[in-house]
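For reference, the structure is listed below as structure tokens.
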């Protein structure tokens, strides 16, 4: 699963439109037990094949920390599978 959370819905919907897949959910309200009020937030979510697709698209721009997290999700071969298919087709 790959997700993007934000308290501003505009960048969440914009990201969803750019990548062309995944779903936007929200607004959600955080129900913290500390008594503080928080802004509502929206979530873009991609799972399974779509998650691999977005990781492939973003891979060149991910920080080393985010790449490490992505590799916890799937092996690098799965993330970059579509890139190798596209290169072979050219």
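The sole residue among 25, 30, 49 that is closer than 16 Å to residue 3 by Cβ, outside any helix (DSSP H, G or I) and modelled with pLDDT under 90 is 30. So, in region 33-46, exactly how many residues are in contact (Cβ under 8 Å) with a residue 40 or more places away in the chain and either out of contact with any helix residue (DSSP H, G or I) (no Cβ under 6 Å at 6 or more places or on another chain) or assigned to a loop (DSSP other than H, G, I, E, B) (or both)? Number satisfying all stated conditions: 2. Looking across region 52-77, the residues that are farther than 23 Å from residue 7 by Cα and in a loop (DSSP other than H, G, I, E, B) come down to 74, 75.
The values are calculated or read from the model by the stated rules, or taken from the named source; none is laboratory data. Not measured: the values here are computed from a predicted model. Neighbour counts are summed over all protein chains in view; Cβ atoms, including those assigned to glycine, are modelled from backbone coordinates with ideal geometry.
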